[in-house]
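I have placed the structure first, in the form of structure tokens, so that the comments after it can refer back to it.
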Amino acid sequence: APDKARTTRWIVGASAFVLVAYGAYGLYYTFGEAMRAPIGGWKPLGDEFPISWAFVLSALWLLVGTAAVWYGVNHRRLVEFFHETEVELSKVSWASKNEVIGSSVVVLVVTFVLAVWIGLLDRSFLALFQKLGY
């Protein structure tokens, strides 16, 4: 069903597309100068962005990756998985805002106290070992 898990599919699809696009960008700049040279001197987009093998391979990566993402987020089994996940998440009893804030404060305070404690121990051992000549 194409209307199932629409928001989840959009989020996953957009995230995957961003990764594919970043991969195409990285691929283009991974190739050396020889691969970024114009193919046969062809420069239809100007001197700054010639049609090169690096451009062709990066564009191919972008097209194939986009098609794979589109196929993936519209694949029946993945759509069913997203839908079932949304249904299960709607059954979860989530903590209240005050509980989350309280728990977060406890975690932050304990983390800070432990960081200070470990820092003091580190300084103490450093001073001790320096006095012992190590």
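Taking the condition on the phi < 0 side of the Ramachandran plot, surrounded by 12 or more Cβ atoms within 10 Å (Cβ to Cβ), assigned by TED's automatic domain parsing to the domain that holds A14 and not hydrophobic (A, V, I, L, M, F, W, C), does P44 pass? Steps first, answer last, please.
Values: on the phi < 0 side of the Ramachandran plot: yes; surrounded by 12 or more Cβ atoms within 10 Å (Cβ to Cβ): no; assigned by TED's automatic domain parsing to the domain that holds A14: yes; not hydrophobic (A, V, I, L, M, F, W, C): yes.
Judged against the criteria, P44 is not a match.
Restrict the check to the range 86-108 and report whether at least one residue is within 27 Å of D3 (Cβ to Cβ) and either surrounded by 12 or more Cβ atoms within 10 Å (Cβ to Cβ) or in contact with a Phe, Trp or Tyr (Cβ under 8 Å, 6 or more places away or on another chain) (or both). Scanning the range 86-108, I find at least one residue that is within 27 Å of D3 (Cβ to Cβ) and either surrounded by 12 or more Cβ atoms within 10 Å (Cβ to Cβ) or in contact with a Phe, Trp or Tyr (Cβ under 8 Å, 6 or more places away or on another chain) (or both), so the answer is yes. Against the test of being surrounded by 13 or more Cβ atoms within 10 Å (Cβ to Cβ) and either touching a strand residue (DSSP E or B) at 6+ places or on another chain (Cβ under 6 Å) or outside the structural domain of I11 (by TED's automatic domain parsing) (or both), the options R36, R123 yield a single qualifying residue, R36.
Screening the candidates L57, L78, L63 for the property of being under 30 Å from L27 (Cβ atoms), touching a Phe, Trp or Tyr at 6+ places or on another chain (Cβ under 9 Å) and in a helix (DSSP H, G or I) yields one hit, L57.
The values are calculated or read from the model by the stated rules, or taken from the named source; none is laboratory data. None of the values given here were measured: they were computed from a predicted structure. Note that each Cβ is placed from the backbone with ideal geometry, even for glycine, and that neighbours are counted across all protein chains shown.
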